Amino acid sequence: MNSNHPKPAVLVTGADLAHEAIAILKDFDLQYAGAKPTEEDLIRLVTQHDPIAIIVRYGRITPAIISAAKSLQVISKHGSGIDTIDQAAAKARGIHVCAAAGANAAAVAEHAIALMLGCAKSVAPLNARMHQGHWDKSTHKSLELEGRTLGLIGLGSIGLRVAAIAHAMGMRIIGFDPFAKSVPNYLQCVRIEEIWKQSDVISLHCPLTDENRNLINASVFAQCKDGVVIVNTARGGLINESDLVQALRSKKVRSAGIDSFSQEPPPADHVFFNEPGLLLSPHIGGVTADAYVKMGCGAAQNILSVLNKK
């Protein structure tokens, strides 16, 4: 670029970006919002730097932020879920919204399997008991997953990776996704009601929309098998959290592995905390060193792809 002209700005709603992604965006002035940017922070930064693009790591991109970013042409998600971006406000301005689709698929799929196994094998409670000096060999029985039915909600890149791993473990796989284009022959597509009725384990891999908020609730639990295992590495709003706790207490749900919450981070008095049968992680399913690089590069490449078409 001509040194007499300032580089166009790209705002990163986080404290850092992978070196590989920074190299892709070498012709841009990268500005960082920090690890926990508020709406006020982001409005101030876009007003100050007038970015041509935003890479979304943390926080929400609201209509007020979009309105304040006068030169904004593209909002690029550092990951696959774009529900933290107000897409209607972006569309009204003609601003492209992109996702680094599939960049963290392996990481999230592995974490979903880890939570499923952790729930089935009681890994966390048995570990805690061992450290307390207990030996529960004569009283504890884990859940064997071979031959059990795994029900998947969402058959995108993550859901299909989970299916492949579970198939290798000898599980029967059923799935629901009205947008699925092709599925392997070991996966049977069914109506969503059959997911509830047939599954021994239910794993969520769909985006959060207004239509599917609280998708899993008390009425759904009533249709499920007794002792079902629930895994959510997608979005917290897909599960009614109070209903899940009641289902755990009634033993309708054997255990649940939860990586996403309706409010993040959850408040100190959240209904999940100190609830037996819950295996919790802080929305880190897609957070690995490898995924960090892949998501950053994907977000950067998406920016270049949009701007190069202008």
Item to check | Rounded if a/c under 1.5, otherwise prolate or oblate - segment 165-310, Cα gyration tensor axes | outcome: oblate
Checklist entry - What's the extension gain from Lys36 to Ala289 if we count 0.36 nm per residue and subtract their Cα-Cα distance? => result 89.1 nm
Checklist entry - For His49, His78, what's the fewest-to-most ordering of other Cβ within 10 Å of each Cβ? => result His49, His78
Checklist outcome for this item: Note on the chain: contact order normalised by length, alpha-carbon pairs under 8 Å, 6 or more apart, percent, works out to 18
Next on the checklist: What is the distance in Å between the Cα centroid of segment 62-140 and that of segment 239-310?
Outcome noted: 4
Next on the checklist: Less than 14 Å Cβ to Cβ from Ser157, Lys/Arg counted +1 and Asp/Glu -1: what total charge do the surrounding residues give?
Outcome noted: +1
Item to check | Global geometry of segment 2-72, whether rounded, prolate or oblate, following the gyration tensor of its Cα atoms and the 1.5 cut on a/c | outcome: oblate
Checklist entry - Which one, [x] 35, 23, 16; [y] 39, 20, 18; [z] 67, 19, 14, gives semi-axes √(5λ) of the Cα gyration tensor in Å as derived from the coordinates shown? => result [y]
Item to check | For the chain, the longest site-free run once chymotrypsin sites (Phe, Trp or Tyr not before Pro) in DSSP loop states with at most 13 other Cβ atoms within 10 Å are removed | outcome: 1-134
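No lab work stands behind these numbers, since they all come straight from the coordinates. Computed from a prediction, not measured in an experiment: that's the story for all the values here. With ideal geometry, Cβ positions are generated from the backbone for all residues, glycine too; neighbour counts draw on all protein chains shown.
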